[in-house]
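Since the structure comes first, as structure tokens, the remarks are kept for the end.
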Amino acid sequence: MMKASGLELLLKQLTESPELICKPFPIHDCICSLIFIPSIVDHALLQQNVIHFLQPDDRKDDGWDVFHSALERGVAFPIVYRAASDANEAADMIVRGKAVLYIDRMDVFYYFETTQYQKRTISESQNELVITGPQEAFIEDIHSNTSLLRHKIRHPKLKLKEYLIGDYSRTIVYVVYIEGLPKKEVLQQIDEKLRSISVDGVFGINYLVEQFKDQPTPFPLFQNTERPDALAASILEGRVGVMMDGVPNTLIAPVTMFSLLQSPEDFYQSPFAASWIRFVRFTFSLLSVFLPSLYVAVTTFHPQVLPSHLLLTIASARENIPFSALVEALLMELTFEALREASMRIPKPVGQTVSIIGGIVIGQAAVQAGIVSAPMVIVVSITGVASYLIPHLELGLIFRLLRFPFLLLGGTMGLIGIFAGAFVLYGHLVSLRSFGAPYLQPAAPLVWSDWRDTFVRMSLPWLNKRSSAFSRNRQRGR
């Protein structure tokens, strides 16, 4: 029984692929076959740098030995090409957008870098808007994303380590960092986690997040960004980025609660403006969790803490309301969450309008109908606006979810229940680690040197050290 040729083995693996092209080219006394999938290759590049040099009219007829020698020396074609070890590797290269040249006389494969997927152009960020500073954002093509990153960091110590994740999707994942800055244990943990992932395919960045998480917590242990400047700044702090092909988002690790509450625009404004905005952001982040529960607890169990005029105003507004303050708050919060979700699902041109108009109409109608009180509408509205001040989307979602258990605690046990819940929440946050970094550093543990870029933002000459939570190299160049 004759042994199957490498071409037969290759085509056998790619059966039932009607778009596959296998084009023969006679070269002296042997046949070369060029195999590729036209929808994922750059046709102009392929024609000018490969097919042009295989055409009989354009090829110098110097004999097989000359062509073979040029192949071995890597100068037969002006484009970069490499030898594939076997038919399995050649098939893998073809489905990844490479063109493969099979030479029957040698029974070998060569593949060319001709990949070209359909992709959208670079646009501005939709979820991390800034007024000043760069406006460009990552797209779904990982090579375009690395180009954007290298445009920010032009240094030979910027390292990219490649992984292929997914038995069938074969998705490219890059771990990016600056050599010498991240802690070795962080790089080791990320490497071990990525190598241990065994799934059929990954199509979103959250696939990796769930594989990385080894602590039962709803809080994000990665920072998710679609901005090249945010990733570049984080890498310079000694953190590590994880980029995945096919998504416009990048993961950053390790993180702390306070780094998730920072915005890239904090560093594009004056220290005074950035510090004031941080104060507002931190204050309203706390309000987004505790304000409804505090209102319910005070009006239900502790009315004596309110000034008499304010207490009379709230009491008169709630005089004919058929529900308790707890039920009233739950109804309004759930309605607000439904409006928020609806605004995300309907077409963008009308989404924001529906959210705003819907909230105004429903709130006004509910007050006039005597179902909810006007103070409750004000509290829920302030809480909803406060949740939009959190820069990190997933952290903002967790804060919105925490609002409901605190509402139940405040509505059933008053301020004592809220304080007990806050104590449990604080204990959980203190116990969290993001790749070894304490989640509440520099507050717990207390690191005074890191406070210059936490609640306030000092001027850049004062920010001359990296956080010990992120980097093993504390000194930062000015």
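Suppose we filter T412, T454 for residues that are of a type in the set (V, I, T), surrounded by 13 or more Cβ atoms within 10 Å (Cβ to Cβ) and in contact with a helix residue (DSSP H, G or I) (Cβ under 6 Å, 6 or more places away or on another chain); which single one remains? Quick ask: steps written out before the conclusion?
On the way: T412 fails: in contact with a helix residue (DSSP H, G or I) (Cβ under 6 Å, 6 or more places away or on another chain).
Of T412, T454, the one residue that is of a type in the set (V, I, T), surrounded by 13 or more Cβ atoms within 10 Å (Cβ to Cβ) and in contact with a helix residue (DSSP H, G or I) (Cβ under 6 Å, 6 or more places away or on another chain) is T454.
Residues in segment 75-126 that are crowded, with 22+ Cβ neighbours inside 10 Å and more than 36 Å from the chain's Cα centre (by Cα): L101, Y102, F109.
Considering only residues that are touching a residue at least 24 places away in the same chain (Cβ under 8 Å) and either surrounded by fewer than 20 Cβ atoms within 10 Å (Cβ to Cβ) or aromatic (F, W, Y) (or both), which ones fall in segment 299-308?
Passing the criteria: T300, F301, H302.
Looking at (1) aliphatic (A, V, I, L, M); (2) in contact (Cβ under 8 Å) with a residue 24 or more places away in the chain; (3) under 13 Å from V50 (Cα atoms), which is the one condition that is false for A76? A76 satisfies every listed condition except (2).
For (1) in contact (Cβ under 8 Å) with a residue 60 or more places away in the chain; (2) touching a strand residue (DSSP E or B) at 6+ places or on another chain (Cβ under 9 Å), each residue gets a yes or a no:
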{"site": "I153", "(1), (2)": "yes, yes"}
{"site": "S169", "(1), (2)": "no, no"}
{"site": "V176", "(1), (2)": "yes, yes"}
{"site": "K184", "(1), (2)": "yes, no"}
{"site": "V202", "(1), (2)": "no, yes"}
{"site": "N206", "(1), (2)": "no, yes"}
{"site": "E210", "(1), (2)": "no, no"}
{"site": "R227", "(1), (2)": "yes, yes"}
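Residues of segment 345-375 that are at pLDDT 75 or above, exposed (fewer than 14 other Cβ atoms within 10 Å of the Cβ) and assigned to a helix (DSSP H, G or I): Q364, A365, Q368, A369. Could you identify the single residue in L261, L251 that is surrounded by 19 or more Cβ atoms within 10 Å (Cβ to Cβ), in contact with a Phe, Trp or Tyr (Cβ under 6 Å, 6 or more places away or on another chain) and under 30 Å from Y426 (Cβ atoms)? After applying the criteria, what remains is L251. Is it the case, given these coordinates, that S459 is small (G, A, S) and open to solvent by 30 Å² or more (accessible area, probe 1.4 Å)? Yes. Do we have Q269 as part of a loop (DSSP other than H, G, I, E, B), more than 30 Å from Y174 (Cβ to Cβ) and not basic (K, R) here? The answer is yes for Q269. Checking each residue in segment 1-41 for being open to solvent by 40 Å² or more (accessible area, probe 1.4 Å), closer than 19 Å to T114 by Cα and of a type in the set (A, V, I, L, M, F, W, C) picks out I21, C22.
The values are calculated or read from the model by the stated rules, or taken from the named source; none is laboratory data. Nothing here was measured: the structure is a model prediction, and the numbers come from that model. All Cβ positions, even for glycine, are placed from backbone atoms using ideal geometry, and neighbour counts span all protein chains on display. Please note that ligands, DNA and RNA were not included when accessible areas were found on the heavy atoms of the full protein model with its side chains. Shrake-Rupley method; radii C 1.70, N 1.55, O 1.52, S 1.80 Å.
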